[in-house]
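The values are calculated or read from the model by the stated rules, or taken from the named source; none is laboratory data. What you see is a predicted model; the values in this text were computed from it and never measured. When we count neighbours, we look across all protein chains shown, and the Cβ atoms used for this are built from the backbone with ideal geometry, even at glycine.
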């Protein structure tokens, strides 16, 4: 198996893990805040969905040979700066907190599947070449796929631990 297939297989498996885990939860569990946080599982999914839109923009740019068209976020916040991460996460939470679980899940699911499909449309060489896309600033495009995997994995692990600790 080549590196591209390995990465995409991991992302597909992770998608399936999320879907299985979410299906095992009631809607009440999904929308109830994960104390001591004010975030619920729904809010975590909205958070993942929002950040993944940036990864989708990169993959789409590579696929269709144009500059990334990132989602519109507050101009005073720099998503590429670790200094703004907490402010951005708060903004994402506030922006999506009143969205229904159904809409958040549908949007996340559609985006994740689109991300996978778009990744399939890029050659392994282009995914791994750190100089291929100037807007990646010296990083290979595969880094966006791997970062999405890591981000989803981090939150899935935290959610599973929280649910076990709270007898869910």
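Data overview
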quantity	calculated
Unmet criterion (only one of (1) crowded, with 17+ Cβ neighbours inside 10 Å; (2) farther than 24 Å from residue 134 by Cβ; (3) modelled with pLDDT under 95) for residue 43	(3)
Members of the stretch 63-91 that are part of a helix (DSSP H, G or I), in contact (Cβ under 8 Å) with a residue 24 or more places away in the chain and over 16 Å from the mean Cα position of the chain (by Cα)	63
Qualifying positions in the stretch 119-156 - surrounded by fewer than 19 Cβ atoms within 10 Å (Cβ to Cβ), in contact (Cβ under 8 Å) with a residue 24 or more places away in the chain, assigned to a helix (DSSP H, G or I) and over 13 Å from the mean Cα position of the chain (by Cα)	120, 124, 126, 128, 135
Which listed residue is in a helix (DSSP H, G or I) and over 26 Å from residue 127 (Cβ atoms), from 60, 28, 19	28
Condition broken by residue 70, with the remaining ones in (1) buried (at least 16 other Cβ atoms within 10 Å of the Cβ); (2) closer than 18 Å to residue 143 by Cα satisfied	(1)
Residue satisfying all of: in the stretch 92-105; free of Cβ contacts under 8 Å to residues at least 24 places away in the same chain and not in a helix (DSSP H, G or I); surrounded by the fewest Cβ atoms within 10 Å (Cβ to Cβ) among these	98
